[in-house]
Amino acid sequence: MERIITNSMIGDFANYLRSDEKSENTIEKYLRDVKAFAAFTKAREINKAVVMEFKASLIENYEVTSANSMIAAVNAFLRFMGWVDCCIKQFKVQKKAFCSEEKELTKAEYIRLVNAAKAEGNERLNLILQTICGTGIRVSELQFITVEAVRKGEAVVSCKSKTRTVFIVRELQQKLLNYAKTKGITTGCIFITKSGKPMSRCNIWREMKALCEQAGVSSDKVFPHNLRHLFARTFYGIEKDIAKLADILGHSNINTTRIYIITTGAEHKRKMENMRLII
């Protein structure tokens, strides 16, 4: 069989990913990357040299982390097709000791975003921000914050073939129940559109971005996942228990959790200065 990528092959790969219970976001990402690879090959037969060419093109156009995520998707496709001999290694990356201040959302900025949503009369967004940041859930997991779960004080969240319990603190519980009562939501998902469907990631992202100017927060910092990072850093600052944090976030690999708790360069520098080793 000729090793030329066809739409049919990509379709079969999509079905495989679904049968393997990958999340819709993962499937969408993998398919986008595989299609980019297919476009790059220009219907040439796939061999190791072609894949290496693709790898070289990635580093010219993407950050290393983005390039590596694309390589992971292409390798998954190659393995699915049985073309294992064409798989390539990812770029080696030295782990960062600290993160960029330009991208880290601070607690003060988070509070300004919450207040901006309140000032605009967007109570739903106000509570979405507090729910993600107050529980550490993914934006895709908001659908599990139901009236029933809030009454119970805990939500059972299913993601990536894993299930975990997310606790809802009393203050947030009361806010959510009051909101549901005001909006006449008696059962099911609390954060819904006018048509009764759960809020989508895109809608939440767009509403959050609209708060930036009034809140005085850089748009580079304002996206749902950064709220999850803020939860992680705040929890770790209190508990210093990365294994427990990994369980709360739903991470199977503790190295993923480490990324969430990296401090900024300024914080890193402050700790070094507190060592007082310069006499």
Checklist entry - Taking Leu78, is it more than 30 Å from Thr234 (Cβ to Cβ), more than 18 Å from the chain's Cα centre (by Cα) and part of a helix (DSSP H, G or I)? => result yes
Checklist outcome for this item: Among (1) in the same structural domain as Ile27 (by TED's automatic domain parsing); (2) surrounded by fewer than 16 Cβ atoms within 10 Å (Cβ to Cβ); (3) over 20 Å from Asn25 (Cα atoms), Thr65 falls short only on (3)
Checklist entry - Would a scan of the range 8-21 turn up a residue that is farther than 28 Å from Val139 by Cβ, in contact (Cβ under 8 Å) with a residue 24 or more places away in the chain and in contact with a helix residue (DSSP H, G or I) (Cβ under 7 Å, 6 or more places away or on another chain)? => result yes
Checklist entry - If you check Ile248 against the conditions, is it in contact (Cβ under 8 Å) with a residue 60 or more places away in the chain and of a type in the set (Val, Ile, Thr)? => result yes
Next on the checklist: I'd like to check something: does the range 139-155 contain any residue that is touching a residue at least 40 places away in the same chain (Cβ under 8 Å), closer than 30 Å to Ile27 by Cα and touching a His at 6+ places or on another chain (Cβ under 9 Å)?
Outcome noted: yes
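The values are calculated or read from the model by the stated rules, or taken from the named source; none is laboratory data. This structure is a prediction, so every number in the text was calculated from the model and none was measured. So basically every Cβ, Gly included, is an ideal-geometry build from the backbone, and we count neighbours across all protein chains shown.
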